[in-house]
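To keep things clear, I will list the structure first and then write my remarks on it.
The values are calculated or read from the model by the stated rules, or taken from the named source; none is laboratory data. Keep in mind it's a predicted model, so treat the numbers as computed, not measured. Here the Cβ is made from the backbone with ideal geometry for all residues, glycine too, and neighbour counts use every protein chain on show.
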């Protein structure tokens, strides 16, 4: 790669990382080209992007953002997952893929401008997604209303039935 190409790549990568909602560094060693293509497609559908990058260029891009990645995070083959829409959806997609294929493994990540360890990325990957949290919140908010409607509609019916029984002498 020519020096000018490297400079352009670092600038482009820096901008993508700056605009990302979250970033995860992974070790994809052991995945076949077909599996990487499949994972890339799944991550794209979930609102993210999977890119294989050179460690030195990634290190420079992260440094441009004021992040200093651990040296072991930039060893070996590295692919980054960039979340462009939902912070967790691409990470959850990669986690589901890893459960089936035992790869990729998470090295580290970046969330809201803060560097994350591998363990922190793993904890984030099991959190419910935005859609699931929205459904849970709506369920919590709807439950009291549903109970109130049930009380208002069923109790008068029970009262009427009780009065009818008393009137009939049963």
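When you check residue 82 against the structure, is it touching a residue at least 24 places away in the same chain (Cβ under 8 Å), assigned to a strand (DSSP E or B) and under 23 Å from residue 1 (Cβ atoms), yes or no?
In short, yes.
Considering every residue within the range 27-41, establish whether at least one is within 15 Å of the chain's Cα centre (by Cα), in a helix (DSSP H, G or I) and assigned by TED's automatic domain parsing to the domain that holds residue 118. Yes: the range 27-41 contains one or more residues that are within 15 Å of the chain's Cα centre (by Cα), in a helix (DSSP H, G or I) and assigned by TED's automatic domain parsing to the domain that holds residue 118.
Scanning the range 75-88 for residues that are touching a strand residue (DSSP E or B) at 6+ places or on another chain (Cβ under 7 Å) and surrounded by 18 or more Cβ atoms within 10 Å (Cβ to Cβ) yields 78, 79, 80, 81, 82, 83, 87. Here are the criteria: (1) touching a residue at least 24 places away in the same chain (Cβ under 8 Å); (2) over 24 Å from residue 38 (Cα atoms). Tell me which single one residue 107 does not satisfy. Looking at each condition in turn, residue 107 falls short on (2). If the condition is being in a helix (DSSP H, G or I) and farther than 11 Å from residue 17 by Cβ, then the range 64-79 contributes 71, 72, 73, 74. Just to be sure, is residue 114 under 27 Å from residue 131 (Cα atoms) and surrounded by fewer than 16 Cβ atoms within 10 Å (Cβ to Cβ)? Here the answer is yes, as residue 114 does meet what is asked.
One residue alone among 89, 98 is under 13 Å from the mean Cα position of the chain (by Cα) and under 20 Å from residue 43 (Cα atoms), and that residue is 89.
Take the conditions (1) within 14 Å of residue 22 (Cα to Cα); (2) not assigned by TED's automatic domain parsing to the domain that holds residue 26; residue 157 misses just one of them, which is (1).
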